[in-house]
Amino acid sequence: ATHDEMFGTKNTITLVTVQLPLPPRARAAVGAEIANGYYADEAAKITAPVVKFLKRHGMEPTVVSKVGTPGEVIAKVANEGKFDLLMMGSHGHSALGNLVMGSVATKVLAHCSVPVLLVR
């Protein structure tokens, strides 16, 4: 089954990515323009393949890129956006994040009032 009611082209899809902030000294050393470029590049690495996949299947996602503590920021965006469902991976991309359910997913579950679907 394709689950059109959840993943069909009639739905609105928002991709959210959150980059950890650079340490203040590093940000001051490189300047705001370079730091913001870094954040945008890192966000694009994550979202570009997903956007391409969704567009290939007739879906036009909105992309939201933020800087901050990922678990808290993702939950805040989901709560304020009043989404029907938040879907996210259950494991981070770091070696440490792969040891247990990702700490980001754990924080989102703790702070999010929107239903969360964790995908392995």
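Every number in this text was worked out from the coordinates using simple rules, so none of it is lab data. On a predicted model such as this, the values are computed, not experimentally measured, just so you know. Reconstructed Cβ throughout: ideal geometry from the backbone, glycine too, with neighbour counts over all protein chains shown.
The table below lists the values:
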{"quantity": "Reachable lysines from residue 82, criterion Cα separation under 22 angstrom, eight or more residues apart if same chain", "calculated": "10, 66, 107"}
{"quantity": "Selection from 26, 67, 46, by position along the positive dipole direction of region 17-67 (Cβ)", "calculated": "46"}
{"quantity": "Net charge over other residues, Cβ less than 10 angstrom from the Cβ of residue 74 (K, R count +1; D, E count -1)", "calculated": "+2"}
